[in-house]
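The structure under discussion appears below in the form of C-alpha cells.
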Ligand SMILES: [Zn+2]
C-alpha cells in the first residue's frame, strides 16, 4: 500500500483488461524497491494492499507451513515479479493459474505468471509453503528466534522473509489477517485484534487482524506458552499482553513495566494526538536477544530489557513508535531519524514527567558527555548510512536535534509540530526532508540551517551552535564543569541494546 502510487487513473486502467499483449512492453519487476541502503529489499512492479496468512506451526520442530494470499495491484506491465522469502515454496498461483517460480539472490522468489500482467490491474497471488525458519539465513543471519517453547519473528529492517512472502519494504504497507494453528496449550501472538480462537483435534487456531496499513517489518509472530493479560486503556483501546511463562527472574519486572501500556499510550496521546490503531499490547518471549521492537500495536520486548528491574522507559519508546515509525513510516531507510530520534525524545519527555530529569537536562548531559573527538559526532542522524542505521547517535544526537528545535521555536510551536506530524502523514510514509519542511511551515521560521547542524554535519556542533540552541550553556566556557547525569539516564540507556548485524 504505497500511498504515493495510488493514482486516480489506476482504477480506470484496471477496467481495460482487453489490451492486446502485443501492445504492451512486458518486463520483469525490479528485484528491489529502490532503497539505496538495501538495494535488494522490497520489489518493483506491484503494490500489495492485503496479506492473508493461514499457517500451522509446530513448536517442537519449528516447522511452519501454510498459505499466503496476497492482494496486489500492478504498477507496470509485468512479465515476471519477485517476492522476498526464504522458506520452501511448493506452489504459486497468480489470478488462479499456476505460475512458475524460482529462488534467486539472497531472498528473492521470482514468479513468472502464466499470462503477463498489464499495469494497473488487480492481482491475487497464492503461495503455498513450508519450512523450518530457524534453519534459514540470508546475508549470514536469521531474524527468526527459536525459543524453548516455540519461535519468534521480530527484527528490523528484515523479519518477514522467515515467515511469509512479501514486498519487504516500508513503502509498501498493507492490512493483514494472520491465522496460526498451534498445539493446544501453546499460543500464537501477532499484531492487532484477536478475531477468534478455535480448537479442533488438539490444535488451536488464533486469528489476528490488522486493519490499518502496516509495514512488513512491523508484522510479528510469536508462538510459545504465554500468560496473556487483557485490559482497556482509559481512552478505550483494548490491550492484549503476553508473557512467556519461562521468563524466570525477569517475569515480575517485565510484567510490571508492560502492564502500564494503556497508561503510557494515553500519556503519549497528549503529545502526539489520538492513538492511531485499534489495539494495544506488548509481548515478551523467552529469547536471548537484547533488543525491543515496535511491532505494530504489540511491541516485542526481550527479557533482558528487564534484567535490572522495571523499565517503563522502554515501553514509552516502543509505544512512541506507534505514531513515529508505524503510522508514519520511513520513506527510505535513510529516514530512520523520524523513527528513532522521536522515540528517544519521548523517553526524555517521560523522564521530565517522572521528575527524573528534564529533556533539557538530558540534552545538556548528552552534549557535554561526548567530547568533540568522539566518533559519535561523525554519524549523521539525517542520513547515517546502512552501517550506522541503528547507531546510538541516531537516537541521542537525533533527540538532541529535537531539543535544539524546541529551543529555537518555543514550546507551543514545538508541541504543535509533534502533534501535527502524525496526523499530516497518518498511515503513510515520509522523509526527513518532509519533517524539516513541515516544522518550517508550522513555525513560519527557516530551519534548514538548524537541522543541517544537528542532523547532517559529521562533527560536534560547536559552542556558538550549542549556545544558539540553548544546549549545555554552562559547559561551554571551558570551565570543565562535569555534566550532571540525570536520574533517568540508566533506564533510557538500557534501551540501547539494538541491532547487531
Ligand atoms: Zn526505536
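The values are calculated or read from the model by the stated rules, or taken from the named source; none is laboratory data. Values in this document were obtained by computation on a predicted structure and should not be read as measured data. Because the Cβ atoms are built from the backbone with ideal geometry, glycine has one as well, and the counts that use them run over all protein chains shown.
Is it fair to say residue 155 is touching a strand residue (DSSP E or B) at 6+ places or on another chain (Cβ under 6 Å) and either crowded, with 19+ Cβ neighbours inside 10 Å or over 28 Å from residue 31 (Cα atoms) (or both)? Considered against the rule, which asks whether it is touching a strand residue (DSSP E or B) at 6+ places or on another chain (Cβ under 6 Å) and either crowded, with 19+ Cβ neighbours inside 10 Å or over 28 Å from residue 31 (Cα atoms) (or both), residue 155 comes out as no. Of the residues 105, 96, 120, the single one that is closer than 17 Å to residue 28 by Cα and out of contact with any strand residue (DSSP E or B) (no Cβ under 7 Å at 6 or more places or on another chain) is 105. Residue pairs whose Cβ atoms lie under 7 Å apart, sitting 6 or more positions apart in sequence or on different chains, and linking a residue in the range 334-355 that is without any contact (Cβ under 8 Å) to a residue 12 or more places away in the chain to a partner that is away from the ligand (no atom under 14 Å from the Cβ), are 352/358; 352/359. The numbered conditions (1) outside any loop (DSSP other than H, G, I, E, B); (2) under 16 Å from residue 455 (Cα atoms); (3) within 16 Å of the ligand (Cβ to nearest atom) are all true for residue 384 except (1). When the range 187-207 is limited to residues that are under 26 Å from the mean Cα position of the chain (by Cα) and outside any strand (DSSP E or B), the one that is surrounded by the most Cβ atoms within 10 Å (Cβ to Cβ) turns out to be 190. Where helices (runs of 4 or more DSSP H) sit wholly within the range 252-359, those with at least 2 residues that are in the same structural domain as residue 394 (by TED's automatic domain parsing) and within 13 Å of the ligand (Cβ to nearest atom) occupy 337-353.
Every residue, every condition in (1) in contact with a strand residue (DSSP E or B) (Cβ under 9 Å, 6 or more places away or on another chain); (2) not assigned by TED's automatic domain parsing to the domain that holds residue 69, yes or no:
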residue: 178; (1), (2): yes, no
residue: 189; (1), (2): yes, yes
residue: 196; (1), (2): yes, yes
residue: 201; (1), (2): no, yes
residue: 208; (1), (2): yes, yes
residue: 224; (1), (2): yes, yes
residue: 237; (1), (2): yes, yes
residue: 241; (1), (2): yes, yes
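Evaluating residue 325 against the criteria (1) in contact with a strand residue (DSSP E or B) (Cβ under 9 Å, 6 or more places away or on another chain); (2) under 15 Å from residue 422 (Cβ atoms) leaves one unmet condition, (1). Residue count for the range 104-120 under the criterion of being under 29 Å from the mean Cα position of the chain (by Cα) and either more than 30 Å from residue 133 (Cβ to Cβ) or in a loop (DSSP other than H, G, I, E, B) (or both): the result is 4. Taking the range 212-242 as the range and being free of Cβ contacts under 8 Å to residues at least 24 places away in the same chain and outside any strand (DSSP E or B) as the test, only 236 passes. List the helices (runs of 4 or more DSSP H) that sit entirely inside the range 417-501 and contain at least 3 residues that are at pLDDT 95 or above and more than 20 Å from residue 400 (Cβ to Cβ). Those helices (runs of 4 or more DSSP H) span 432-443. Would you be able to say whether some residue in the range 387-409 is more than 16 Å from the ligand (Cβ to nearest atom), part of a loop (DSSP other than H, G, I, E, B) and out of contact with any strand residue (DSSP E or B) (no Cβ under 8 Å at 6 or more places or on another chain)? Taking every residue of the range 387-409 in turn, none turns out to be more than 16 Å from the ligand (Cβ to nearest atom), part of a loop (DSSP other than H, G, I, E, B) and out of contact with any strand residue (DSSP E or B) (no Cβ under 8 Å at 6 or more places or on another chain).
For residue 256, the criteria (1) farther than 21 Å from residue 492 by Cβ; (2) at pLDDT 95 or above; (3) surrounded by fewer than 18 Cβ atoms within 10 Å (Cβ to Cβ) hold in every case but one, which is (1).
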